[in-house]
Amino acid sequence: MPLIDPNSGYNTAERHALDILSRMSLQPEGADLIHARQVHDIALTGEVMRVFLNTDTLDEAQQEMLAESLAPLLKDIPGVERVIVKPRPQAVSGGRRIAGVKRVVAVHSGKGGVGKSTLTAQLALMLAHLGIKVGILDADIYGPSLPILFGAHGPVQQNPDNQKMTPLVAQGIRLMSLGFLLPDDQALVWRGSLVDEGLSQFFTDVDWGELDLLLVDLPPGTSDVHLAALRTNEFDGVITVTAPGQVSLDDVRRGMEMFADLAVPCIGLIENMAGVACAGCRQVNHLFGELGGGSLAQEIGVPLLATIPFYPAVAAAADSGTLNTQIQPGRDAFQALLPVVERLCGNIAGVFPELRQRSHHPSEAQL
């Protein structure tokens, strides 16, 4: 039997693509691509048609040949602007979970300097307000920022019962960062196997206790650090942060493709630093362009969780470790992030049923 049932849940454009694939064969007298089990699945997300090839039945040369031949054929389907033909997603994780941690969500950006770590901290603060037991793992081993963002400093203690490191706790959030283990002026040089071994300890050798959600602040870009993190633990999803400029968008697109290749679902996209808000008139001046995040979200087919301007007060609070002062009702940052938390809690409640009771609408919460 083929891997795909053309009558099962596919939309019009996808069925059109399956019809084309069912009339193609690698051998003149051979079975078509569908019945030969050479296509694992197809999906239209936004304006992008993805064809996932079955690596069990195709070698690399055959995959390359299909990638070249299928793209121009499928691009003529109405509603399709771009075609990606690639091997089926394959998770690199061994399915390991952190003891006591129910769900793990990564926060990622393709490019540095877009406020990813600050957003991670703010999201954790708002989720903690909702009664969700949350922690942050600072996996940016080259630029750890949690000590500054929360005004928290080591040393990290060891649990005498299990000999694991005990996270620091600040403002109700459990925190672990390399910045708690190194002097402020000491550089870290980790390469190759040291990345795998060192980063894995933050997942396996930390006593996180009972957490509903662990946010993992990944470094920007795509590197061995990301693969090491995914090999260490199974991720339940990723939130991607971008700035509206084209350079950031291109880098984010590559990062999102990396997570898709590794079978990590994208919860949504946040466009950050979308202009500067005037403290007096509240007008937002778009310094880096407009609507870039919305266009990318539509193209990729993921939710745009929010478009957030740059707030000088938030930047100052981040530098002084007092972000909690900005996460209060009536504050600009609170209002801007409220749709993000609502959407994130909706995702948590939908994907993570055990959190449904506590993931109520933030406007009804006693914040």
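For the stretch 344-367, indicate whether the set of residues that are modelled with pLDDT of 70 or more, in contact with a strand residue (DSSP E or B) (Cβ under 6 Å, 6 or more places away or on another chain) and either open to solvent by less than 60 Å² (accessible area, probe 1.4 Å) or over 30 Å from ALA229 (Cβ atoms) (or both) is non-empty.
No, every residue in the stretch 344-367 fails to be modelled with pLDDT of 70 or more, in contact with a strand residue (DSSP E or B) (Cβ under 6 Å, 6 or more places away or on another chain) and either open to solvent by less than 60 Å² (accessible area, probe 1.4 Å) or over 30 Å from ALA229 (Cβ atoms) (or both).
When you look at ILE34, is it within 29 Å of LEU230 (Cα to Cα), open to solvent by less than 40 Å² (accessible area, probe 1.4 Å), assigned to a loop (DSSP other than H, G, I, E, B) and touching a helix residue (DSSP H, G or I) at 6+ places or on another chain (Cβ under 7 Å), yes or no?
Here the answer is no, as ILE34 does not meet what is asked.
Out of all the residues in the stretch 184-195, is one or more surrounded by 21 or more Cβ atoms within 10 Å (Cβ to Cβ) and either over 13 Å from ALA106 (Cβ atoms) or modelled with pLDDT of 75 or more (or both)?
no
Within the stretch 156-179, can you find the residues that are basic (Lys, Arg) and in a loop (DSSP other than H, G, I, E, B)?
LYS164
For residues that are within 20 Å of LEU199 (Cα to Cα), open to solvent by 10 Å² or more (accessible area, probe 1.4 Å) and in a helix (DSSP H, G or I), tally how many sit in the stretch 104-134.
Total satisfying the criteria: 2.
Just to verify a result, which residue in the stretch 136-178, among those that are β-branched (Val, Ile, Thr) and more than 26 Å from GLY112 (Cβ to Cβ), is modelled with the lowest pLDDT?
THR166
Go through the stretch 310-337 and report how many residues are within 20 Å of the chain's Cα centre (by Cα) and either touching a residue at least 60 places away in the same chain (Cβ under 8 Å) or in a loop (DSSP other than H, G, I, E, B) (or both).
Of the residues in that region, 1 qualify.
Please name all residue pairs, on different chains or six or more residues apart, with Cβ atoms under 8 Å, provided the first residue is in the stretch 20-31 and is within 14 Å of LEU73 (Cβ to Cβ) and assigned to a loop (DSSP other than H, G, I, E, B) and the second residue is open to solvent by less than 40 Å² (accessible area, probe 1.4 Å) and among the acidic types (Asp, Glu).
SER22/ASP32; ARG23/ASP32; MET24/ASP32; SER25/ASP32
Within the stretch 135-164, can you find the residues that are in contact (Cβ under 8 Å) with a residue 40 or more places away in the chain, surrounded by fewer than 19 Cβ atoms within 10 Å (Cβ to Cβ) and over 23 Å from GLY221 (Cα atoms)?
Those that are in contact (Cβ under 8 Å) with a residue 40 or more places away in the chain, surrounded by fewer than 19 Cβ atoms within 10 Å (Cβ to Cβ) and over 23 Å from GLY221 (Cα atoms): GLY151, ASN159, ASN162, LYS164.
The values are calculated or read from the model by the stated rules, or taken from the named source; none is laboratory data. None of these values were measured; they are calculated from a predicted model. Note that we place each Cβ from the backbone using ideal geometry, even for glycine, and neighbour counts take in every protein chain shown. Note: accessible area is taken over every heavy atom of the protein model, side chains too, but ligands, DNA and RNA are not part of it. Shrake-Rupley method; radii C 1.70, N 1.55, O 1.52, S 1.80 Å.
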